[in-house]
1. Just to be sure I understand the filter: pairs with C-beta atoms under 8 Å, separated by 6 or more residues or on different chains, first member in segment 5-23 and closer than 16 Å to Leu87 by Cβ, second member surrounded by fewer than 11 Cβ atoms within 10 Å (Cβ to Cβ). Which pairs pass?
2. Any idea which of Ile67, Ile30, Ile50 is among the hydrophobic types (A, V, I, L, M, F, W, C) and touching a Leu at 6+ places or on another chain (Cβ under 6 Å)?
3. What number of residues within segment 41-69 are surrounded by fewer than 15 Cβ atoms within 10 Å (Cβ to Cβ) and not hydrophobic (A, V, I, L, M, F, W, C)?
Amino acid sequence: MGLPPNVLSQRCASRRYLALVASKWSLLVINALDDGPARNGFLMRMVEGISQKMLTQTLRDLEATGIVRREDHRTVPPHVTYELTPLGKSLRQEVRSLIAWVESHMPALGGSEPNQP
């Protein structure tokens with residue numbers, strides 16, 4: 001039996017997963033999928049500023065780790081949807097809490113208005 005996960009250890013694989021789920025784009029995509037399955041175009045509109053390349057990579061990474069499920073409906077024209085898996089759904093409350101914390105602490109973080117970069 002190995003050592004328990006320790007994100008503070010540089011040798012621990014948990015760092016890779018933390019980097020994935022804590023990335024800006026992952027957090028925003030998980031948040032956008034909170035209401036249920038969505039198509040690529042919907043996610044592009046919801047997550048303002050994300051490029052198609054970054055959205056595709058983020059969805060692939062989240063799918064590879066079991067957080068997002070991709071469903072190809074095998075139609076013409078193509079119809080593909082993405083949704084949170086049970087594992088992803090277990091993460092969404094944490095994502096919502098982090099986003100709410102950031103938004104409610106904007107003044108203390110140095111931001112005067114929520115819509116400023």
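1. Pairs found: Pro5/Ala13.
2. Residue meeting the stated conditions: Ile67.
3. Number of matching residues: 11.
Just so you know, all these numbers are worked out from the coordinates, no wet-lab data involved. Since we're looking at a predicted model, the values are computed, not measured. FYI the Cβ positions are ideal-geometry reconstructions off the backbone, even for glycines, and counts take in every protein chain you see.
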